[in-house]
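Everything on this sheet refers to the single structure shown next.
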Amino acid sequence: MTRSSRRQYSPRDRALVAEFDALERRIAKLEHEQSLLYNTLSGLARESDLEVSIGSVCTRCTRSYVLIGNGTLYCPKCHSRRTV
Ligand SMILES: [Zn+2]
């Protein structure tokens, strides 16, 4: 938004635009942090002696990715376990 275009907005609209911009920056930051955490977690799983990898989102609780190892899917959040 340029300075001249700001004049077209009411104070309420300017506040909404500012709030939208802040939310957009916050979402971009959270997406970046989520990517960092996923990459770090995948690296830990790959580098550890646990010999596990990160799977899809747990279908039972949807609050964690499942860990895959030794022919088993395990959710560290709800502790559900099933064989592959
Ligand atoms: Zn779960």
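Please list the three semi-axes, largest first and in whole Å, of the ellipsoid equivalent to the chain, using sqrt of 5 times the eigenvalues of its alpha carbon gyration tensor. Write out the running numbers ahead of the final one.
Working: eigenvalues 396, 42, 10 Å².
Whole-Å semi-axes of the equivalent ellipsoid: 44, 15, 7.
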If one compares the long axis through the Cα atoms of helix 11-47 with the longest principal axis of the Cα atoms of the chain, the angle in degrees, nearest 10, works out at 20 degrees
Give a residue-ordered list of calculated ³J(HN,Hα) values for segment 72-78 (Karplus: 6.51 cos²θ - 1.76 cosθ + 1.60, θ = phi - 60°; whole Hz; x for Gly, Pro).
10, 9, 10, 9, x, 8, 9
Under 5 Å between amide H atoms, partner at least 5 residues away or on a different chain: which partners does Tyr65 have, H built in plane at 1.01 Å?
Cys58
Given the options Arg12, Arg26, Arg63, state which has the largest fluctuation in a GNM of the chain using a 10 Å cut-off (strictly under) for Cα springs.
Arg12
Quick check: pseudo-label points 7 Å beyond the Cα along Cα→Cβ at Ile54 and Ala22, how many nm apart are they?
3.0 nm
Relative contact order (percent) for the chain, with alpha-carbon contacts under 8 angstrom and 6 or more residues of separation?
13 percent
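None of the figures in this text is laboratory data; all of them are computed from the coordinates on show. Keep in mind that this is a model prediction, so the values were computed, not measured. Using ideal geometry, Cβ is built from the backbone for each residue, glycine included, and neighbour counts are taken over all protein chains shown.
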